[in-house]
Each structure stands twice: as C-alpha cells, then as structure tokens.
C-alpha cells in the first residue's frame, strides 16, 4: 500500500489527498506535525527521507517522491482510474499552467516556513505578515481567475466535464485563503469550482478537518 506523509492543514498535502481519492487509490497516511516540538519535518529520520523537510512525501514500496505536482502526475501515470490530466496537449498544458501558478507562484510565498521566517527571523509584525499573505494570494488569484474565464464552459469544473488536477489545486488553495480570511468576492469562478468540487466525496474526504491528525 502507498504511504503518504502528510499534515492535515498542509495545502500541498491536501492536493495529493484529493488526487489519491480521484484515482481511487488506497493509501496509509503517516502524519508529520509541522508545528509540534518545533516541527517533526525537521527530525533526522524524516530529513533522511525528504531532505527538503517538507510534506507531502509519497512512499511507493520504498520509492520516495516529493513535491505535490510530481506526486500527482506519478499517480496519474501509474494507476488506473479517472485521468487527472486531459489527453489533448493544449488543454493538458493549461491544466499544468494553472497548477504551477498555484504551486510555484502563490503557495511558496505563503508557506508555513516563509510565514515563520517573516515573523521570527525578520521580526515582521502580525499585521505586516498578514498584508504580505493577502498581497500574494490576491495577485495570484486575479491571474488564475482570468485564465479560467478564458476557458469558461458550462462545466462546473475548471477545464472540461471531469475534475482534473487543476480542480484539486484550486480547492486546496481556496481553503488556505479562507483560513486567513481573504475576501473571495473578486473570484466567482474559483469559488464556484470550489463549491461544486466539495459536493464530491473525493474532495470532501480529503478536507483538512476530516483527517485523522486534525487538531
């Protein structure tokens, strides 16, 4: 059985849980608490598995894969079930583009370790830290909202009539924005996609509060 090293509130791990559920793949979840005792991700045993000290991490019979996008594409290529990426090249590129806009441009600037560095090492105030967070979320969401508008269809998913990785990445990142009380009024398409996806068990079961390590 696959093992997923995860933290219940990790946005990146949330994406992978959705992907696993969409592919209908059974897995064992191994919690890695990112805050307790200074962060279990920093312990030597975990660092040996993932030198970056991040979650998620997938263990497929001893083969270790880090980074959520790489994990999701690996799952899509190695397991039967609904395809997480379209087969048509241009549409596949659009899904990857949206995923990378979230995973590479929005999320890293608001990652826990970045916020901790701003607060701890740079002694940034809570208000300034929150301003930083909101700035990058809003800048990124505006671009993603426009990208989605250019491919607007009658479907309630981001691209086409079936969920793709784009939907998984959107749902996880919108959850993150809600957690920090970001106004989503400017992003009706993002919200509509999120709300529709959360009617599906694959998305509901992956929600942070539904995880065994949720506190």
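The values are calculated or read from the model by the stated rules, or taken from the named source; none is laboratory data. Values in this document were obtained by computation on a predicted structure and should not be read as measured data. Neighbour counts run over all protein chains shown; Cβ positions are idealised from the backbone, glycine included.
Take the residues of the range 164-183 that are touching a residue at least 24 places away in the same chain (Cβ under 8 Å) and over 19 Å from residue 21 (Cβ atoms): which is nearest to the chain's Cα centre (by Cα)? Steps first, please.
Initially, the range 164-183 is screened for residues touching a residue at least 24 places away in the same chain (Cβ under 8 Å), giving 164-173, 175-177, 179-180, 182.
Subset that is over 19 Å from residue 21 (Cβ atoms): 177, 179-180, 182.
Working: 177: 12, 179: 14, 180: 16, 182: 17 Å.
Ranking the qualifying residues of the range 164-183, first place goes to 177.
If I filter the range 2-26 down to residues being touching a strand residue (DSSP E or B) at 6+ places or on another chain (Cβ under 8 Å) and more than 21 Å from residue 45 (Cα to Cα), which single residue comes out as surrounded by the most Cβ atoms within 10 Å (Cβ to Cβ)? Quick ask: steps written out before the conclusion?
Within the range 2-26, the subset touching a strand residue (DSSP E or B) at 6+ places or on another chain (Cβ under 8 Å) is 2-8, 13, 16-17, 20, 25-26.
Filter once more, so that each one left must be more than 21 Å from residue 45 (Cα to Cα): 16-17, 20, 25-26.
Working: 16: 29, 17: 27, 20: 25, 25: 16, 26: 7.
Out of the qualifying residues, it is 16.
Tell me which residues, restricted to the range 112-130, are surrounded by 12 or more Cβ atoms within 10 Å (Cβ to Cβ) and free of Cβ contacts under 8 Å to residues at least 60 places away in the same chain.
Within the range 112-130, the first condition is being surrounded by 12 or more Cβ atoms within 10 Å (Cβ to Cβ), and the residues that meet it are 112-119, 124, 128-130.
Once the filter is applied, which keeps residues that are surrounded by 12 or more Cβ atoms within 10 Å (Cβ to Cβ) and free of Cβ contacts under 8 Å to residues at least 60 places away in the same chain, the range 112-130 yields 113, 114, 115, 116, 117, 118, 119, 124, 128, 129, 130.
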Yes/no for residue 195 being at negative phi and out of contact with any helix residue (DSSP H, G or I) (no Cβ under 7 Å at 6 or more places or on another chain): yes
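Would you confirm whether or not the range 49-57 contains a residue that is out of contact with any strand residue (DSSP E or B) (no Cβ under 7 Å at 6 or more places or on another chain) and within 30 Å of residue 146 (Cβ to Cβ)?
First, pick out the residues of the range 49-57 that are out of contact with any strand residue (DSSP E or B) (no Cβ under 7 Å at 6 or more places or on another chain): 51, 53.
This time we only want the ones that are within 30 Å of residue 146 (Cβ to Cβ), so: none.
Checking the range 49-57: not a single residue is out of contact with any strand residue (DSSP E or B) (no Cβ under 7 Å at 6 or more places or on another chain) and within 30 Å of residue 146 (Cβ to Cβ).
For the range 148-159, enumerate the residues that are at pLDDT 90 or above and surrounded by fewer than 16 Cβ atoms within 10 Å (Cβ to Cβ). Quick ask: steps written out before the conclusion?
Residues of the range 148-159 at pLDDT 90 or above: 148-149, 156-159.
Residues satisfying the conditions are 149, 156.
Which of the residues belonging to the range 92-103 are surrounded by fewer than 19 Cβ atoms within 10 Å (Cβ to Cβ) and either farther than 10 Å from residue 159 by Cβ or modelled with pLDDT under 95 (or both)?
Filtering the range 92-103 down to residues surrounded by fewer than 19 Cβ atoms within 10 Å (Cβ to Cβ) leaves 92-93, 96-97, 100.
Residues satisfying the conditions are 93, 96, 97, 100.
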Test for residue 141: is it out of contact with any strand residue (DSSP E or B) (no Cβ under 6 Å at 6 or more places or on another chain), surrounded by 12 or more Cβ atoms within 10 Å (Cβ to Cβ), within 13 Å of residue 102 (Cα to Cα) and without any contact (Cβ under 8 Å) to a residue 60 or more places away in the chain: yes
